[in-house]
Amino acid sequence: MQMNLGIQAGGWDRERVMQKWPPVGMSNEEYAQRWRESQPQFIQGSCVFCERWGHGTGKCWYLVPELQPERWKPEAGIWVFGPGMSYPG
Ligand SMILES: [Zn+2]
């Protein structure tokens, strides 16, 4: 993991933000929880995290592993909270 990259950008590496990866130093659990509790949870009916229609961040499959259907495949490039998640590089 690259430890210095995020700090000069105020803790948010640009690419991490684009792909919604947790900022350096924040645990996956805390990151997912922040999203789940964020306001607003959706904009015009679409999740502010994954931008899919019909749910808010509190019920987002990317953020709530318990809600993920068995055969669901997350879209590449979007961070997922749960087993199988990994940092790039
Ligand atoms: Zn979502």
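Counting only other residues whose beta carbon sits under 14 Å from that of residue 42, what net charge do I get with K and R as +1, D and E as -1? Before the final figure, lay out each step's value.
Values: positive: 36, 52, 59; negative: 37, 51.
The answer is +1.
Can you tally the net charge around residue 51? Count Lys and Arg as +1, Asp and Glu as -1, for every other residue whose Cβ sits under 15 Å from the Cβ of residue 51.
Residues close to residue 51 contribute a combined charge of +2.
So how much slack lies between residue 38 and residue 59, counting 0.36 nm per residue of separation and subtracting their Cα-Cα distance, in nm?
Residue separation times 0.36 nm, minus the Cα-Cα distance, leaves 6.4 nm.
We did not get these values from a lab; they are worked out from the coordinates using the rules stated. Only a predicted model underlies this, so the values are computations on that prediction, with no experimental measurement involved. As a convention, Cβ positions derive from the backbone with ideal geometry for all residues, glycine included, and neighbour counts pool all protein chains shown.
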